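Structure first, then comments.
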Amino acid sequence: MRFILFLFDFHPNHAVQEYEFEPWFEYKIGPPEKGPILYFPKQPNKQQYKNAIFGKMREYSGIDLPHFLDYHYAAYPDKKEFVRFLWYEILEKSKSDITQDRRLNLETALEWVKEKEPGTLIANAAASSLSDPTGNQPTAPENILSRLEADMYEISRSYAGKIALNSQLHMEKLIQLLIIISDLRAPGKKIELLFEKFSAMDIAAILRQIEVFGDQRINTLQLKIPPARDHLNLNDPKVQKLIKALTDFFFS
């Protein structure tokens with residue numbers, strides 16, 4: 001029988017036979033109750049457990065889905081591993097032939113992944129690969145995979161920052177320089193900003209290209225910006241001279 005199954009390229013799903021697994025999402029044995037916890041009538045196998053996670057996710061929409069994920073994320077001790085688990089499971093689901101409603105549900109979950117781990121390359125790549133670029137029908141699984149690989153390559157290049165300052169004493173001044181550039185505007189009565197959009201999150205994303213910050217989250221790096229802004233004295237002659245030089249360079 002095993003030889004016949006081998007000839008037909010049959011591979012058993014070992015997850016069906018596994019009853020001991022890592023509980024990324026909290027679950028209980030017993031009658032179902034309202035709330036984010038998963039319930040099973042008896043001990044589930046690994047495949048039943050993972051299916052129940054996505055089945056439960058489909059009960060939520062909009063902001064309720066991130067709140068559901070937040071609950072289990074807070075309960076699981078290894079945050080990065082939780083996000084990594086969710087990403088790969090979403091990736092596998094996205095390759096199958098799924099309905100538009102389910103695809104939207106996965107896209108919302110991916111937005112949550114990007115919020116928790118903004119530098120996660122695969123999250124950004126998959127977000128653009130889950131739906132057709134024209135906004136019409138979902139793309140075929142094989143097209144999703146090929147686009148995903150291309151997007152991951154481009155995104156990985158942008159997140160492979162290895163910038164290293166010779167002295168960490170210059171770090172605050174570097175942040176202040178980014179603040180000055182983000183606020184730069186043309187002289188005169190008519191307000192003309194250099195950048196249409198340049199937020200604190202964007203500054204934090206740039207800081208993540210610096211080697212010492214490579215493993216920090218965007219929201220953590222954002223906390224470094226307000227102190228640097230408070231210490232920035234715009235009346236300092238050196239700062240005024242710098243602003244004038246940058247203004248002349250861009251607007252003259």
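The values are calculated or read from the model by the stated rules, or taken from the named source; none is laboratory data. None of the values given here were measured: they were computed from a predicted structure. Counting neighbours? That spans all protein chains shown, and the Cβs are built from the backbone with ideal geometry, glycine included.
Miscellaneous remarks
- Residue match in region 160-173 (condition: at pLDDT below 85, within 19 Å of the chain's Cα centre (by Cα) and loosely packed, with under 12 Cβ neighbours inside 10 Å): yes
- Cβ-Cβ under 7 Å pairs, at least 6 apart or on other chains, region 188-202 side at pLDDT 85 or above, far side among the aromatic types (Phe, Trp, Tyr): 194/250
- Summed over region 200-214, residues that are more than 14 Å from residue 163 (Cβ to Cβ) and charged (D, E, K, R) total 1.
- Some residue of region 218-234 being surrounded by 14 or more Cβ atoms within 10 Å (Cβ to Cβ) and without any contact (Cβ under 8 Å) to a residue 24 or more places away in the chain: yes
- Hey, residue 186 among the small types (Gly, Ala, Ser) and closer than 30 Å to residue 112 by Cβ or not: no
- Flag: residue 139 does not match the condition of being modelled with pLDDT under 75, among the β-branched types (Val, Ile, Thr) and exposed (fewer than 14 other Cβ atoms within 10 Å of the Cβ).
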